[in-house]
Amino acid sequence: MTYNVTLIRGDGVGPELAEAARRVLEGTGIKFNWDIVDAGVDIMETAGTPLPDNVLASIRKNKVAIKAPITTPIGTGFRSVNVAIRKELDLYTCLRPAKSYKGVRSKYQDIDLVIVRENTEDLYAGIEFEEGRPETKKLIKEIETIGKKPIRPDSGISIKPISKQGTERIVRFAFDYAVENKRKKVTAITKANIMKYTDGLFFHVAREVAKDYEGRIEYEERLIDNMCMQLVQKPELYDVMVLPNLYGDILSDLCAGLTGGLGIAPGANIGKDIAVFEAVHGSAPKYKGQNKVNPTALILSGVMMLRYLKETKAADKLEAAVAQVIVEGKAVTYDMKPHRDDPTAVGTSQMADAIIAAMK
Ligand code: NAD
């Protein structure tokens, strides 16, 4: 079988990583018919938009995509393409496994955690009101009237919507994932003691969903601040974690740190029948065009894609090859060497070559 897959090249180090991932995925022997498309700051110069229509159309048609990182310039009004793709296609789950690989320098060994982050709601919904604008002043007045609490007139406002429907489907995804992947426990994480009507609602709905899995998957709740400490002190106590958008984003990086950094942290954005696979890390613009950064995170996102396509054998083979190259520690990028200026570090494409060779 040949799979039609959209390959989004991204910007910054994106195109180099996309090419490495494409070659390695083909090295598994699985046949792909790639639709290679561009999104991000580079294509914006010619297309006038960072997210040309053909990108979403291609993902909608193929239903599966692998995406290299895309820059979101700060404070320019340029909307995040990453967030736009997730919202447009209703990719409500952000799935981010955090797993230790032998040979990766890290303070921790044997980390095996999975983050299930809600992707469409919360403070990420993009409902924001700029300080000083007439509509912001109007909103502040309205909130003061309804909520009977003062807000400083020179405030900016970001809205945090959390719905029953949005929570139900993400928590159900976490439990179904736990069942399918023979996991034992789901931990829901919020700050419900402070945000009773949003985070409190998340816990309330999660508890109801958990009842459907009683006797099969354990359920527990934690507060986000306490969870950060717990993960640093006793990560072995946790398994699958389900969180609203913002907390999920922050905890993903924390968990990437437990396993040895962003260079090896994969992810997926999954909706009802569409999935986009991408690394946790960003476009690292300072390394653009240098054939320098670690392709592992995007390649492991490719492993997740193969599992999603039920190509389990190919996924196992590729993951084993990545693990072998890392444990040998020779054909790895600078970030995986004992010292960052190690002259024996190889480039992005040479590490991909070594992974392809390890599959033969
Ligand atoms: P970043 O992840 O791009 O880079 C931070 C640092 O991490 C880099 O300077 C580098 O030292 C290291 N790093 C990242 N990826 C690496 C890799 N593959 N190999 C080795 N080292 C690696 O984070 P940033 O600098 O905060 O963000 C840059 C841009 O990327 C921003 O515009 C941000 O919005 C965007 N971003 C995009 C995505 C995405 O496309 N999904 C995710 C996060 C950030």
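Any read-out appearing in this document is the output of simple, stated calculations on the displayed coordinates, not a laboratory observation. Remember, it's a predicted structure, so these values are computed and weren't measured experimentally. Reconstructed Cβ throughout: ideal geometry from the backbone, glycine too, with neighbour counts over all protein chains shown.
Relative contact order of the chain: 22 percent, from C-alpha pairs under 8 Å at least 6 residues apart in sequence.
Magnitude of the charge dipole for the range 36-77, about its Cα centre and with charges confined to Cβ atoms of Lys, Arg (+1) and Asp, Glu (-1), is about 320 debye.
Each of the peptides 4-12, 267-275 was scored by the mean count of other Cβ atoms within 10 Å over its residues; in descending order, highest first, they stand as 4-12, 267-275. Between Thr71, Thr49, Thr120, the Gaussian network model of the chain with springs among Cα atoms under 10 angstrom shows the greatest mean-square fluctuation at Thr49. Sorted from longest to shortest, the spans of the Cα atoms of the chain along the three principal axes equal 67, 55, 43 Å. Taking the centroid of alpha carbons for each part, the range 51-113 and the range 232-299 are 8 Å apart. The ranking of Asp53, Asp253 by Cβ neighbour count inside 10 Å, starting from the fewest, reads Asp53, Asp253.
Each of Thr72, Thr2 was scored by other Cβ atoms within 10 Å of its Cβ. Listed from fewest to most, they are Thr2, Thr72. Sorting the segments 128-136, 334-342 by their mean number of nearby beta carbons within 10 angstrom, highest to lowest, gives 334-342, 128-136.
Among the GluC sites (Glu not before Pro) found in the range 181-248, those both in a DSSP coil and sparsely packed, with 13 or fewer other Cβ atoms within 10 Å of their Cβ, are Glu214.
Working from Cα pairs under 8 Å separated by at least six residues, relative contact order for the range 40-149 is 16 percent. This model, with +1 at the C-beta of Lys and Arg and -1 at the C-beta of Asp and Glu, gives the chain a dipole about its Cα centre of some 420 debye.
Computed over the chain with a Gaussian network model linking Cα atoms closer than 10 Å, the most mobile of Tyr219, Tyr197, Tyr101 is Tyr197. Only beta bridges with both residues in the chain are counted; by DSSP, about 35 percent of them are antiparallel. Relative contact order of the range 122-161: 64 percent, from C-alpha pairs under 8 Å at least 6 residues apart in sequence. About the centre of its Cα atoms, the range 162-259 shows a dipole size close to 140 debye [charges on the beta carbon of Lys, Arg (+1) and Asp, Glu (-1) only; nearest 20 debye].
Each of Ala275, Pro235, Ile326 was placed along the dipole of the chain (beta-carbon charges, centred on the mean Cα), and the one lying farthest toward the positive end is Pro235. For the range 122-161, the square roots of the Cα gyration tensor eigenvalues, ordered a ≥ b ≥ c, give a/c of at least 1.5 with a/b no greater than b/c, which places it in the oblate category. Counting neighbouring Cβ atoms within 10 Å and putting the fewest first, the residues Cys94, Cys228 line up as Cys228, Cys94. Which of these, Val293, Val13, Val327, has the largest mean-square fluctuation under a Gaussian network model of the chain (Cα springs below 10 Å)? Largest GNM mean-square fluctuation: Val327.
Secondary-structure-derived ellipticity at 222 nm for the chain, considering helices only, amounts to -13000 deg cm²/dmol, per-run term -39500 (n - 2.57) for DSSP H runs with n ≥ 4.
Taking square-rooted eigenvalues a ≥ b ≥ c of the alpha carbon gyration tensor, is the range 122-228 rounded, prolate or oblate, where a/c under 1.5 means rounded and, failing that, a/b exceeding b/c means prolate? Prolate shape, in that a/c is at least 1.5 and a/b is the bigger ratio. Rg of the Cα atoms in the range 155-303, relative to 2.2 N^0.38 Å, amounts to 1.14.
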